[in-house]
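Reviewing the structure listed below.
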Amino acid sequence: SGSNGTIGSRIVDRLLEGNYKVYALSKTGDFSNENVIGIKNSDYLSNGLASIKKVVFIHAAFGRAISGAKNIAESLEFTQKILRRVIEDANVVRFIYISSQAVYGQSCEFHSEDMPVAPDTIYGMAKYAGEKLIEGMLDKNGIRYIHLRLDSVVQSQRLVRTLCRDAICKGAITVYGGKQTFSFVDLEDAIYAILKVALAKNINYGIYNVGPDKMRISLDEIVRIVQDVSRDRKSTRLNSSH
């Protein structure tokens, strides 16, 4: 699910490279690659995939943190409908839920799977509620599941994109504070982790955190990196023009 999103579309690409049969759920059911079986969300909820014997379901469809409360609530409702369909079809051998480390709140500590959750945003609470929905509905039906709590995926963060745009287009970056610390996971690393648990023959089911475990970076450091890359980019342009 969520096959046309930042994460979902890359999962589809990687699965196709491995010659897996991919059913891509989205609102429209459209998919540019002819090797993908695109299905409308509404069609899946109505008809399911009962004819397929064994399905690994990767649930990546969920509103973003900036989507607003209404969209996030709709994402939870959609998750519940997906789970009902999964239970009815009874052919899902592994359910992968793309959760978030937002369930831990704003703690500056590095997160381990046994830390207590303390969501302090609507998004974090909704992601945790999704985990609880999955556990409550799939446990009693004997369907195995894994929660992958992703760190912030750098490619989806407005912060980094905004800094890059300012450096390239304006030639200057304005920073307020600078001591704020962040932790990110690269998109390709996140996809690798998702596929690792989706395709592994033997795996322990439960919760896994995905992201760096010993590195945080300050806003000042991010700005310096962006400035350095911007200067290198401009230098390369000048050299190529000569």
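Applying the Karplus parametrisation 6.51 cos²θ - 1.76 cosθ + 1.60 with θ = phi - 60° to the phi angles of the stretch 51-64, what ³J(HN,Hα) value in whole Hz is obtained for each residue in order, glycine and proline being reported as x?
Computed from phi, the couplings for the stretch 51-64 are 6, 8, 6, 10, 10, 9, 9, 9, 9, 10, 7, 6, x, 7 Hz.
Within the chain, which complete DSSP H helices have Cα atoms spanning at least 15 Å along the helix axis and a mean Kyte-Doolittle hydropathy of 0.5 or higher? All intermediate terms of the calculation are to be shown ahead of the outcome.
Numbers: long enough: 6-17 (17 Å, 0.24); 69-89 (30 Å, -0.36); 122-139 (25 Å, 0.11); 187-199 (18 Å, 1.37); 219-241 (33 Å, -0.77).
Membrane-span-like by this criterion, though nothing is claimed about a membrane: 187-199.
Let me know the Kirkwood hydrodynamic radius for the stretch 1-132, please, with Cα pairs as the basis and the value in Å to one decimal. Write out the running numbers ahead of the final one.
Details: mean 1/r = 0.0632 Å⁻¹.
Kirkwood hydrodynamic radius for the stretch 1-132: 15.8 Å.
Taking R0 as 51 Å, what's the FRET efficiency between Ile52 and Asp213 from their Cβ-Cβ distance, rounded to 0.05? Provide the component values of the computation, followed by the final result.
On the way: r = 37 Å, r/R0 = 0.72.
That pair, Ile52 with Asp213, gives E of 0.90.
Starting from 0 in steps of 10 Å, tell me what percent of the Cα-Cα pairs of the chain lands in each bin.
7, 28, 33, 20, 10, 3, 0
Over the chain, what is the percentage of antiparallel beta bridges among all DSSP beta bridges, to the nearest 5? Please report the intermediate quantities before stating the final value.
Values: 2 of 24 bridges.
So the antiparallel bridges in the chain amount to around 10 percent.
Once Lys and Arg get +1 and Asp and Glu get -1 on their Cβ, which of Phe95, Pro116, Val160 lies farthest toward the positive end of the dipole of the stretch 85-168?
The residue sitting most towards the positive pole is Val160.
Hey, which of these cross-link pairs are over 32 Å Cα-Cα: Lys132/Lys179; Lys81/Lys201; Lys70/Lys201; Lys53/Lys81; Lys27/Lys179? Walk me through the numbers on the way to the answer.
Details: Lys132/Lys179 35 Å; Lys81/Lys201 28 Å; Lys70/Lys201 38 Å; Lys53/Lys81 21 Å; Lys27/Lys179 41 Å.
Beyond 32 Å: Lys132/Lys179; Lys70/Lys201; Lys27/Lys179.
Per residue, how much accessible area does the chain show when a 1.4 Å probe rolls over the protein heavy atoms, in square angstrom? Walk me through the numbers before you get to the answer.
On the way: 13880 Å² over 242 residues.
With all protein chains present, the chain gives 57 Å² per residue.
For the chain, which whole-number percentage of the solvent-accessible area (1.4 Å probe, protein heavy atoms only) is attributable to carbon and sulfur atoms? Mind showing how you got there, number by number?
Working: 7000 of 13880 Å².
The value for the chain is 50 percent carbon and sulfur by accessible area.
Name the chymotrypsin sites (Phe, Trp or Tyr not before Pro) in the stretch 61-99 that are in a loop by DSSP and that have at most 10 other C-beta atoms within 10 Å, would you?
Numbers: sites: Phe62, Phe78, Phe95, Tyr97; in loops: Phe62.
Sites meeting the loop and neighbour criteria: none at all.
If the chain between Asp120 and Ser32 were fully stretched, how many nm would it gain, using 0.36 nm times the residue separation less the Cα-Cα distance?
Numbers: separation 88, 0.36 × 88 = 31.68 nm, distance 3.82 nm.
Net length gain for the segment: 27.9 nm.
Given Cα pairs under 8 Å that are at least 6 residues apart, what percent is the relative contact order of the stretch 1-46? Don't skip to the answer; put the middle values down first.
Working: 61 pairs, mean separation 14.2, N = 46.
RCO, the stretch 1-46: 31 percent.
To the nearest 20 debye, what charge dipole does the chain have about its Cα centre, counting +1 at the Cβ of each Lys and Arg and -1 at the Cβ of each Asp and Glu?
Numbers: 32 positive and 26 negative charges, 83 e Å.
Magnitude of the dipole: close to 400 debye.
When the Kirkwood radius is taken over all Cα pairs of the stretch 1-77, what Stokes-Einstein diffusion coefficient follows at 10 °C and 1.306 mPa s, in µm²/s?
Working: Rh = 13.2 Å.
Diffusion coefficient, whole number: 120 µm²/s.
Just report the Cα centroid separation between the stretch 1-29 and the stretch 174-233, whole Å.
That distance is 22 Å.
In nm, give the distance between the simple-model label positions of Arg233 and Lys81, each being 7 Å from the Cα along the Cα-to-Cβ direction.
Result: 3.9 nm between the two label points.
Under 10 Å, Cα contacts only: if you run a Gaussian network model on the chain, which one of Gln101, Gln80, Gln227 comes out with the highest mean-square fluctuation?
Highest fluctuation among the options: Gln227.
Amide H to amide H under 5 Å from Ile207: which residues, 5+ apart in sequence or cross-chain, H placed 1.01 Å off N in plane?
Amide H neighbours of Ile207, under 5 Å, 5+ apart: His147.
If you filter the stretch 42-81 for trypsin sites (Lys or Arg not before Pro), then keep DSSP loop positions with at most 12 other Cβ within 10 Å, what is left? Mind dumping the intermediate values first?
Details: sites: Lys53, Lys54, Arg64, Lys70, Lys81; in loops: Lys53, Lys54, Arg64.
The qualifying sites are Lys53, Lys54.
Taking R0 as 22 Å, what FRET efficiency do you get between Leu199 and Ala90 from their Cβ-Cβ distance, rounded to the nearest 0.05?
The formula returns an efficiency of 0.55 here.
When the chain is fully extended, how far beyond the present Cα-Cα distance does Asp166 get from Leu16, taking 0.36 nm per residue of separation? Show your work: numbers first, answer last.
Working: separation 150, 0.36 × 150 = 54.00 nm, distance 3.63 nm.
Additional length available on full extension: 50.4 nm.
The values are calculated or read from the model by the stated rules, or taken from the named source; none is laboratory data. Remember, predicted model here, so these are calculated numbers, not experimental data. A quick note on method: Cβ atoms are made from the backbone with ideal geometry, for glycine too, and the neighbour counts reach across all protein chains shown. The protein model used for the area step is the full one, side chains on, heavy atoms only, and it has no ligands, DNA or RNA in it. Shrake-Rupley method; radii C 1.70, N 1.55, O 1.52, S 1.80 Å.
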